[in-house]
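A quick write-up on the structure given underneath.
The values are calculated or read from the model by the stated rules, or taken from the named source; none is laboratory data. Bear in mind that the values here come from a model prediction, so they are computed numbers and not experimental data. Here Cβ is always computed from backbone atoms with ideal geometry, including for glycine, and neighbour counts include all displayed protein chains. Only protein heavy atoms, including side chains, enter the accessible area calculation; ligands, DNA and RNA are left aside. Shrake-Rupley method; radii C 1.70, N 1.55, O 1.52, S 1.80 Å.
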Amino acid sequence: MGLLGDELAFGRALTAQEYESVMALGHRKEYAADTPLLTEGDRTGHVVIVLRGWVTVSHVTDRGATRLILGLRGPGELLGEMAALDQHPRSATVRALGTVEAAVIGGDAFRRFLATHPRVSGLVIRQLTFRLRSADQERSALASLTVLQRLASRLTELSRTAPTGPYAPSAPGPGATGPVVHLAQDELAATVGATREAVAKALRLLRTQEIVRTGTRMVEILDPALLALLAEGHRD
């Protein structure tokens, strides 16, 4: 399971000249916290490149009652490219976590640029491939892993990666001994495709085993090794 983007974000994979040319295609825009940059179902065709801040990528399930967070994207990430390329409705909603600055580029201009810049077009294809593989892994995890395993895997991922991300671990505070992941239980539930109640139950079990400690919008990892084993399906 993995929420985070490619290890080399689109914007960072461009040469200086390519980056300047891409930025010249659009304009910069600032989004307030919790504002959608892209909305599922819309027929808009523009793309955005995150310049500052982080966003969630989410999808509403078939029943319409559950929001599933598919990814967390930060600076340099390209978003909305599928709708720009195939001109179909948006497949997910991208929402700002805190204040976000992004470059907004029209779909026609973006497609023309890719047609004349094969290396950049290759980067977009690589990104699409990476995200499709990641989505397949997420679907497999939802179908085959328990809520406890998915939760353990997500906490392990967020406690190890993206040190500047929105849910990144902080240095231990007063009385803390391990990394602290800052997010509410409903947000955590949305990242593992489970209800808040199911996640609360799994967290109670982890607290009982002294694997984590929880508080308001925080989960402190007390035993990272055991948490990782749980993520892999070991329960002994």
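For Pro224, the conditions (1) under 20 Å from the mean Cα position of the chain (by Cα); (2) surrounded by 15 or more Cβ atoms within 10 Å (Cβ to Cβ) are fulfilled apart from (1). State whether one or more residues within segment 174-184 are open to solvent by 10 Å² or more (accessible area, probe 1.4 Å), touching a Phe, Trp or Tyr at 6+ places or on another chain (Cβ under 7 Å) and at pLDDT below 90. Yes: one or more hits. Among the residues of segment 83-98, just one is over 26 Å from Arg154 (Cα atoms), open to solvent by 20 Å² or more (accessible area, probe 1.4 Å) and aliphatic (A, V, I, L, M), namely Leu85.
Looking only at segment 30-65, how many residues end up being part of a loop (DSSP other than H, G, I, E, B) and within 15 Å of Ser91 (Cα to Cα)? Steps first, answer last, please.
Narrowing segment 30-65 to residues part of a loop (DSSP other than H, G, I, E, B): 32-35, 39-46, 61-65.
After this cut, where a residue has to be within 15 Å of Ser91 (Cα to Cα) as well, the list is 39-46, 61-62, 64.
Of the residues in that region, 11 qualify.
In segment 177-217, the residue that is farthest from His59 (Cα to Cα) out of those that are in a helix (DSSP H, G or I) and among the β-branched types (Val, Ile, Thr) is Thr208. Of all residues assigned to segment 121-131, none qualifies as being modelled with pLDDT under 70, open to solvent by 40 Å² or more (accessible area, probe 1.4 Å) and more than 14 Å from the chain's Cα centre (by Cα).
Here are Leu72, Leu79: which of them is closer than 19 Å to Ser134 by Cβ, at pLDDT 95 or above and open to solvent by less than 60 Å² (accessible area, probe 1.4 Å)? Can you show your working first?
On the way: Leu72 fails: at pLDDT 95 or above.
Within the list Leu72, Leu79, the selection yields Leu79.
Would it be correct to say that Gly11 is crowded, with 18+ Cβ neighbours inside 10 Å, closer than 18 Å to Ala135 by Cα, modelled with pLDDT of 90 or more and not charged (D, E, K, R)? Spelling it out, it is not the case that Gly11 is crowded, with 18+ Cβ neighbours inside 10 Å, closer than 18 Å to Ala135 by Cα, modelled with pLDDT of 90 or more and not charged (D, E, K, R).
Conditions: (1) under 28 Å from Arg150 (Cβ atoms); (2) assigned to a strand (DSSP E or B). Ser91 meets all but one. Number of the miss? Status for Ser91: all satisfied but (2).
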